């Protein structure tokens, strides 16, 4: 059994409805009982990842904002962080506003957005099946620039920027890449999620990218945590599906790509398992 197992959430541990299957829960429980540190490693906010960790019985560490932050669940404290500088945050907001593109901001405890659309609409739908204490907090704000300017503790983990038009999306990416000391994630494919509207299923499809502070990556956070726990690289398994999982899959002792992974992620993986709707995480863990 690997000593540290880093698992992505969306598109990996969570199915298309945002749920964790019983098979995946059982496999993770088995890994924890055998002494593995199971670390959820997500682009989501701290509160959202924390709630999912609690659902799994996790009591150690979580990685949030694509590696912007590591949270110690036992101490209830941040032990590692790389937040986006507030001036950079305001600069990104201005560019998004000037170009009328949809964006949202992740802090430790909430997602800030103007409207419910794309990824935020998915979180909103996901919240419908959860008790209040476990919902992803969504703060709808009309004037985001003013709101962030007045925040006392502007611990911004990341931005998500999205649009259903590839032309509009690619245009904004070029402008964002001119900002110094931030990283703009390369994502070439559309995000596809499913929400329920009454008895009907509705597909959410949009192009997106994520922006973090410079040199933020899930692998850098995992590597830092492993050093603190005195765990060798060879004793780390990483499971994911998207470009923001590529470095951890490429560098871990065992890198596992989901069946629904981006082709570039599959290329660097040691192993490819079933997709996120067919318990690929359980397959990876139970094979150990």
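Keeping to region 48-72, report how many residues are surrounded by fewer than 20 Cβ atoms within 10 Å (Cβ to Cβ) and touching a residue at least 60 places away in the same chain (Cβ under 8 Å).
So the answer is 3.
Hey, could you check region 63-78 for residues that are over 10 Å from the mean Cα position of the chain (by Cα) and in a loop (DSSP other than H, G, I, E, B) and say which is farthest from residue 50 (Cα to Cα)?
68
Quick one: what pairs do we get from region 192-208, first residue surrounded by fewer than 10 Cβ atoms within 10 Å (Cβ to Cβ), second not in a loop (DSSP other than H, G, I, E, B), C-beta under 7 Å, 6+ apart or different chains?
So the pair list comes out as 203/192; 203/194.
Of these, 211, 236, 249, which one is in contact with a helix residue (DSSP H, G or I) (Cβ under 9 Å, 6 or more places away or on another chain), crowded, with 22+ Cβ neighbours inside 10 Å and more than 25 Å from residue 281 (Cβ to Cβ)?
One residue alone meets the criteria, 211.
Evaluate the following for residue 119: is it assigned to a strand (DSSP E or B), crowded, with 17+ Cβ neighbours inside 10 Å and in contact (Cβ under 8 Å) with a residue 12 or more places away in the chain?
So residue 119 fails the test.
Cβ-Cβ distance below 7 Å, separation of 6 or more or different chains: which pairs start in region 129-156 with a residue that is more than 20 Å from residue 65 (Cα to Cα) and end on one that is at pLDDT 95 or above and assigned to a loop (DSSP other than H, G, I, E, B)?
Listed pairs, sorted by first residue: 141/114; 142/114; 147/141.
Does residue 130 fit the bill of being out of contact with any strand residue (DSSP E or B) (no Cβ under 7 Å at 6 or more places or on another chain) and under 14 Å from residue 211 (Cα atoms)?
No, not satisfied.
Residue-wise test of (1) in a strand (DSSP E or B); (2) under 30 Å from residue 177 (Cβ atoms); (3) modelled with pLDDT of 95 or more.
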{"position": "192", "(1), (2), (3)": "yes, yes, no"}
{"position": "202", "(1), (2), (3)": "yes, no, no"}
{"position": "205", "(1), (2), (3)": "yes, yes, no"}
{"position": "208", "(1), (2), (3)": "yes, yes, no"}
{"position": "222", "(1), (2), (3)": "no, yes, yes"}
{"position": "225", "(1), (2), (3)": "no, yes, yes"}
{"position": "231", "(1), (2), (3)": "no, no, yes"}
{"position": "246", "(1), (2), (3)": "no, yes, yes"}
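Count, please, the residues in region 99-110 that happen to be surrounded by 20 or more Cβ atoms within 10 Å (Cβ to Cβ) and over 24 Å from residue 171 (Cα atoms).
2
Applying the selection to region 37-47, what residues are free of Cβ contacts under 8 Å to residues at least 60 places away in the same chain and either in the same structural domain as residue 111 (by TED's automatic domain parsing) or not in a strand (DSSP E or B) (or both)?
42
So the check is Cβ under 8 Å with 6+ separation or different chains; which pairs have a first residue in region 253-268 that's over 19 Å from residue 9 (Cβ atoms) and a second one that's at pLDDT below 95 and surrounded by 15 or more Cβ atoms within 10 Å (Cβ to Cβ)?
264/243
Taking the condition of being surrounded by fewer than 17 Cβ atoms within 10 Å (Cβ to Cβ), part of a loop (DSSP other than H, G, I, E, B) and touching a strand residue (DSSP E or B) at 6+ places or on another chain (Cβ under 7 Å), how many residues in region 255-288 meet it?
Count: 2.
If the requirement is being outside the structural domain of residue 19 (by TED's automatic domain parsing) and within 23 Å of residue 47 (Cβ to Cβ), which of these qualifies: 200, 126, 146?
Only one candidate passes the filter, namely 126.
Answer yes or no as to whether residue 138 is surrounded by 14 or more Cβ atoms within 10 Å (Cβ to Cβ) and modelled with pLDDT under 90.
When the stated conditions are applied, residue 138 does not pass them.
The values are calculated or read from the model by the stated rules, or taken from the named source; none is laboratory data. What you see is a predicted model, and the numbers here were worked out from it, not measured in a lab. Note: ideal-geometry Cβ built from the backbone for every residue, glycine included; neighbour counts use all protein chains shown.
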